[in-house]
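Working notes, beginning with the structure itself.
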Amino acid sequence: MIKSYHGFALYTSIMILLSAAIVPFVLDDAFAATVGAHVTKINTDFTEAGEAAVAYEVCSGNNHLTFPQILVYSDMESKLITMDRDIEPNVCQGGATILEAENFSSITALLVTDIPDISIDEKTRQLESARVAYHGMSNDGQILVEVSSTVPQENMPLDIVMRFTDELGNPVPHVNFDLKISQQGDIILEQSKLHTHTGKSLFMTSALNDDSSVDIDVVLQGIGLPNEETKWTGPVGELITFKVVPEFGGVIMVILVVAITVTIIASAKFSNLRVVSVN
């Protein structure tokens, strides 16, 4: 109980300290030009067993950041956080979150444009470049959902890009949704009350246990700005499910073998038939 109270107090202290960081502050021009846009991990500490409080700040450098997205991840969980405002050049802004973690040093915060290449060998590099895309639509046809991801691979995370568009392919901004990603019944990523300002969101799961198929459940919760739920429009509580399957090489080989076998059987069965030409 003392440990839990200490964790709560620590997180509360971090949030109080960050209340000042939420108000943007201007950087020295020379410093901003040197470092460019980046995320700095301000502080991390365990709140209780299996959880850590992560405080971070996003600095724009000499760039204008439009609703920047920050990937915060550990050895147990990853979160994609979209900031609720633009960040002007030479300005920093802070934030904080709670993250599941066992290894303190594994906790990292990055701008999504800074996500490193995690490939380690030729096979991994080939898998990383291979992507599959799936499409779904709300019942009223107002929102088309495209899920593009890497193929499931053992000990590799699943990199997912999600796009919300209209029937003409134009991005639908300010979509609110819930997300659950599971593999063989085990939840590997689950987030609720998500919001995309631009119609595009990026996610990265923890490392997969194997290369079996992955289920992605997207629940549409309406279109509109955060904290203005009474003005939201569009589908609410509507589930769209996607299944990301592994590489198709083995399946294609099975289909090919079956096709050849059927062809051989058919050829043997009808080998005595004659084709008569009628003039």
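The values are calculated or read from the model by the stated rules, or taken from the named source; none is laboratory data. Nothing here was measured: the structure is a model prediction, and the numbers come from that model. Cβ sites come from the backbone with ideal geometry, for glycine too, and all protein chains shown count toward neighbours.
Just one residue in the set S182, S206 is under 30 Å from S106 (Cβ atoms) and assigned to a loop (DSSP other than H, G, I, E, B); that residue is S206.
Flag: I98 matches the condition of being over 23 Å from G199 (Cα atoms), hydrophobic (A, V, I, L, M, F, W, C), surrounded by fewer than 18 Cβ atoms within 10 Å (Cβ to Cβ) and at pLDDT 70 or above.
Tally time: how many residues in the stretch 232-245 are farther than 18 Å from D140 by Cβ and surrounded by fewer than 16 Cβ atoms within 10 Å (Cβ to Cβ)? Summing the residues that are farther than 18 Å from D140 by Cβ and surrounded by fewer than 16 Cβ atoms within 10 Å (Cβ to Cβ) in the stretch 232-245 gives 2. Within the stretch 180-237, the residues that satisfy the criterion of being among the small types (G, A, S), in contact (Cβ under 8 Å) with a residue 12 or more places away in the chain and over 23 Å from G169 (Cβ atoms) are S182, S192, S206, A207, S212, S213, G237. The residue of the stretch 180-218 that is farthest from V151 (Cα to Cα), among those that are hydroxyl-bearing (S, T, Y) and within 10 Å of the chain's Cα centre (by Cα), is S201.
Within the set T150, T165, the sole residue that is touching a Pro at 6+ places or on another chain (Cβ under 7 Å) and either at pLDDT 90 or above or not charged (D, E, K, R) (or both) turns out to be T165.
Looking only at residues of the stretch 76-95 that are touching a helix residue (DSSP H, G or I) at 6+ places or on another chain (Cβ under 8 Å) and modelled with pLDDT of 75 or more, we find that the one that is nearest to M156 (Cα to Cα) is G95. Within the stretch 150-164, identify whether any single residue is part of a strand (DSSP E or B), free of Cβ contacts under 8 Å to residues at least 24 places away in the same chain and touching an Asp or Glu at 6+ places or on another chain (Cβ under 9 Å), and answer yes or no. Yes, the stretch 150-164 contains a residue that is part of a strand (DSSP E or B), free of Cβ contacts under 8 Å to residues at least 24 places away in the same chain and touching an Asp or Glu at 6+ places or on another chain (Cβ under 9 Å).
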